[in-house]
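Asker: Have a look at the structure that comes next, please.
The values are calculated or read from the model by the stated rules, or taken from the named source; none is laboratory data. Remember, predicted model here, so these are calculated numbers, not experimental data. All Cβ positions, glycine included, derive from the backbone under ideal geometry; neighbour counts span all protein chains shown. Just so you know, the surface numbers come from the protein's heavy atoms only, side chains and all, with ligands and any DNA or RNA stripped out. Shrake-Rupley method; radii C 1.70, N 1.55, O 1.52, S 1.80 Å.
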Amino acid sequence: MLLLHCPLPLLLLLLLPLGCRPQKLPTRDEELFQMQIRDKAFFHDSSVIPDGAEISSYLFRDTPKRYFFVVEEDNTPLAVTVTPCDAPLEWKLSVQELPEEASGEGSGDPEPLEQQKQQITNEEGTELFSYKGNDVEYFVSSSSPSGLYQLDLLSTEKDTHFKVYATTTPESDQPYPELPYDPRIDVTSLGRTTVTLAWKPSPTASLLRQPIQYCIVINKEHNFKSLCAVEAKLSSDDAFMMAPKPGLDFSPFDFAHFGFPADSNSGKERGFLKSSKFGRQASPKPRVDLHRVCIGNKNIFTVSDLKPDTQYYFDMFAVNTNTNMSTAYVGTFARTKEEAKQKTVELKDGKVTDVFIKRKGAKFLRFAPVSSHQKVTFSVHSCLDAVQIQVRRDGKLLLSQSVEAVRQFQLRGKAKAKYLIRLKGSKKGASMLKILATTRPNKQSFPSLPEDTRIKAFDKLRTCSSVTVAWLGTQERNKFCIYKKEVDDNYNEEQKKREQNQCLGPDTRKKSEKVLCKYFHSQNLQKAVTTETIRGLQPGKSYLLDVYVIGHGGHSVKYQSKLVKTRKFC
């Protein structure tokens with residue numbers, strides 16, 4: 001097999017004594033081969049396949065492409081691998097005899113130039129192998145004849161990338177990782193959001209000790225047959241594939257596809273896609289729901305954060321990190337388990353219901369008024385962190401809100417309507433809340449709250465035995481009760497946070513902690529503020545203060561706790 005240095009117009013003439021000299025195979029001179037492979041420009045703008053190196057190229061739809069290589073000796077081992085990326089390919093490998101060299105020692109004068117070219121190009125040659133599809137396919141022969149080998153490729157579906165690898169030393173090269181005797185991926189564990197996969201290691205890693213890493217690909221559409229196909233999916237959409245820049249990724253002969261002569265100055269023509277009427281403009285890339293993760297040399301992995309009751313496709317690729325060439329295991333698919341069906345809690349008109357939700361969990365409630373109604377009111381009291389509430393009436397979404405503290409929602413009613421309420425908990429931890437649904441707008445169990453539920457302490461009014469605080473009220477006349485509790489000096493925010501359950505009422509407090517209760521409201525919200533001085537405290541001590549507002553139905557809501565400290569010296 002020969003590697004040819006000259007441009008493609010001279011390729012067919014290289015076989016004749018016209019000044020260009022053939023060069024021995026790179027693989028037969030390893031130092032020369034490595035030098036040439038490092039110099040990627042060596043093979044650009046060329047239709048010659050190098051021996052022992054994978055090349056990447058592309059095809060325009062319905063535009064065939066031909067590659068050449070020469071095997072100079074009979075009985076030579078030969079292996080050719082073609083990897084389609086994002087579309088099926090039709091490809092054919094054929095061989096024809098090399099023409100005899102014309103020389104002064106021959107039987108006559110050299111044949112005319114055009115006649116010599118036709119002698120090669122007009123002959124179809126002997127077909128050795130053909131294939132049509134999107135699988136990674138191989139041609140392997142332990143004894144191939146000498147001759148000019150032609151690889152013809154065609155894509156009839158769309159513009160596409162592909163890769164080609166050819167070698168005359170297949171036994172020693174082995175650039176692709178070898179698959180184990182059982183190349184399947186096993187699903188060893190299946191959950192609602194997780195799938196655990198296991199596979200047998202590649203012999204290339206376990207026996208030949210070559211550096212192999214495994215890459216997993218997860219998507220919801222289909223399995224992939226090559227890592228090249230995965231990369232093509234990640235980098236381009238189905239409607240448009242960006243044409244490679246001339247001089248970098250394709251032969252100058254492809255300019256003919258756009259109406260440019262083959263000898264155009266590629267440097268000047270690089271902007272032709274923008275100005276030429278033949279050019280196609282790039283469209284925005286859609287979001288690709290495909291994930292790839294490389295995990296080193298482990299052969300078991302758990303995929304997490306999946307959606308319940310969803311089918312996923314899993315592919316595994318063994319990648320030789322020395323050559324960056326890969327081999328696909330047999331892909332698999334699995335459907336995650338359904339979410340556990342939850343019981344739907346029935347809400348009774350005008351009655352408060354306590355709800356507990358696990359971290360990241362959800363609860364479903366149902367409200368079916370027995371009588372006709374013009375309006376329905378939902379009151380929600382979130383005890384800890386914010387919760388998400390959704391309300392549907394006969395399947396139609398009416399409300400989707402995040403709720404902190406106390407919120408009230410009034411919706412238009414409908415005769416014989418049924419309401420489904422979905423409550424989603426916090427990601428931080430478990431959630432607790434109270435909910436009330438009623439068709440009687442005057443029945444309000446939860447007290448109204450101001451927007452700001454903080455307690456303010458006045459530092460200048462602080463003494464060794466008292467502190468003065470203030471808080472906001474509303475236009476409704478409500479009962480307010482204030483409680484105090486002595487705490488250690490090292491009392492911190494974490495301890496304070498544990499006591500922030502707003503649903504715990506005054507009935508959970510010791511009688512000795514009660515300071516006072518009083519009624520308060522103001523029609524002018526700017527004046528709806530009250531102050532209170534708490535006396536009988538010890539010098540230099542820390543106290544946790546709580547204010548509870550109690551509604552007409554007896555339910556209470558706690559303001560944000562306030563940590564205060566008396567003066568040590570007065």
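Asker: Given the criteria part of a strand (DSSP E or B), farther than 30 Å from L179 by Cβ and more than 36 Å from the chain's Cα centre (by Cα), does Q410 qualify? Steps first, please.
Answerer: Values: part of a strand (DSSP E or B): yes; farther than 30 Å from L179 by Cβ: yes; more than 36 Å from the chain's Cα centre (by Cα): yes.
Yes, satisfied.
Asker: While we're here: Among what's in segment 432-456 and is modelled with pLDDT under 85 and among the hydroxyl-bearing types (S, T, Y), pick the residue that is farthest from the chain's Cα centre (by Cα). Spell out how you get there, then give the answer.
Answerer: First pass over segment 432-456, keeping only residues modelled with pLDDT under 85: 440-449, 451.
After this cut, where a residue has to be among the hydroxyl-bearing types (S, T, Y) as well, the list is 445, 448.
Numbers: S445: 46, S448: 44 Å.
So the residue we want is S445.
Asker: Yes or no: segment 341-352 includes at least one residue that is outside any loop (DSSP other than H, G, I, E, B), open to solvent by 30 Å² or more (accessible area, probe 1.4 Å), touching a Ser or Thr at 6+ places or on another chain (Cβ under 6 Å) and at pLDDT 85 or above.
Answerer: Step one: list which residues in segment 341-352 are outside any loop (DSSP other than H, G, I, E, B), which gives 344-347.
Next, from what is left, pick out any that are open to solvent by 30 Å² or more (accessible area, probe 1.4 Å): 344-346.
Now restrict to residues that are touching a Ser or Thr at 6+ places or on another chain (Cβ under 6 Å): none.
Within segment 341-352, none of the residues are outside any loop (DSSP other than H, G, I, E, B), open to solvent by 30 Å² or more (accessible area, probe 1.4 Å), touching a Ser or Thr at 6+ places or on another chain (Cβ under 6 Å) and at pLDDT 85 or above.
Asker: I want to confirm something. Restricting to segment 431-443 and keeping residues that are part of a loop (DSSP other than H, G, I, E, B) and in contact with an Asp or Glu (Cβ under 9 Å, 6 or more places away or on another chain), which single residue is surrounded by the fewest Cβ atoms within 10 Å (Cβ to Cβ)? So that I can check it myself, show each step before the final result.
Answerer: Going residue by residue through segment 431-443, those that are part of a loop (DSSP other than H, G, I, E, B) are 439-443.
Still in the running and in contact with an Asp or Glu (Cβ under 9 Å, 6 or more places away or on another chain): 439-440, 443.
Working: T439: 18, R440: 12, K443: 15.
Restricting to residues being part of a loop (DSSP other than H, G, I, E, B) and in contact with an Asp or Glu (Cβ under 9 Å, 6 or more places away or on another chain), the top hit is R440.
Asker: Could you say whether any residue in segment 530-546 is open to solvent by less than 10 Å² (accessible area, probe 1.4 Å) and at pLDDT below 90?
Answerer: Checked against the condition, which is being open to solvent by less than 10 Å² (accessible area, probe 1.4 Å) and at pLDDT below 90, segment 530-546 yields no hits at all.
Asker: Of V376, V370, which residue is part of a strand (DSSP E or B) and either surrounded by 17 or more Cβ atoms within 10 Å (Cβ to Cβ) or without any contact (Cβ under 8 Å) to a residue 60 or more places away in the chain (or both)? Don't jump to the end; show me each part of the working.
Answerer: Values: V370 fails: part of a strand (DSSP E or B).
From the options V376, V370, the qualifying one is V376.
Asker: Any chance segment 407-418 includes a residue that's of a type outside the set (S, T, N, Q) and crowded, with 20+ Cβ neighbours inside 10 Å?
Answerer: Going residue by residue through segment 407-418, those that are of a type outside the set (S, T, N, Q) are 407, 409, 411-418.
Checking which are crowded, with 20+ Cβ neighbours inside 10 Å leaves us with none.
Checking segment 407-418: not a single residue is of a type outside the set (S, T, N, Q) and crowded, with 20+ Cβ neighbours inside 10 Å.
Asker: If only one of K158, K163 is closer than 30 Å to E72 by Cβ, touching a residue at least 40 places away in the same chain (Cβ under 8 Å) and either assigned to a strand (DSSP E or B) or open to solvent by 20 Å² or more (accessible area, probe 1.4 Å) (or both), which one is it? Lay out the reasoning, then the answer.
Answerer: Values: K158 fails: closer than 30 Å to E72 by Cβ.
Going through K158, K163 in turn, the sole match is K163.
Asker: In the set R422, R359, which member is part of a strand (DSSP E or B), open to solvent by 40 Å² or more (accessible area, probe 1.4 Å) and either in contact with a helix residue (DSSP H, G or I) (Cβ under 6 Å, 6 or more places away or on another chain) or of a type in the set (D, E, K, R) (or both)?
Answerer: Numbers: R359 fails: part of a strand (DSSP E or B).
One residue alone meets the criteria, R422.
Asker: Report, by residue number, each residue of segment 166-200 that is among the aliphatic types (A, V, I, L, M) and either assigned to a strand (DSSP E or B) or open to solvent by 20 Å² or more (accessible area, probe 1.4 Å) (or both). Don't jump to the end; show me each part of the working.
Answerer: Keep residues of segment 166-200 that are among the aliphatic types (A, V, I, L, M), which gives 166, 179, 185, 187, 190, 195, 197-198.
Hits for segment 166-200 are A166, L179, V187, L190, V195, L197, A198.
Asker: Find the residue count for segment 379-406, including only residues that are open to solvent by less than 50 Å² (accessible area, probe 1.4 Å) and part of a loop (DSSP other than H, G, I, E, B).
Answerer: So the count comes out to 4.
Asker: Test each condition in (1) surrounded by 15 or more Cβ atoms within 10 Å (Cβ to Cβ); (2) over 14 Å from I550 (Cα atoms); (3) at pLDDT 90 or above for K460 and report the one that comes out false.
Answerer: So the condition that K460 fails would be (1).
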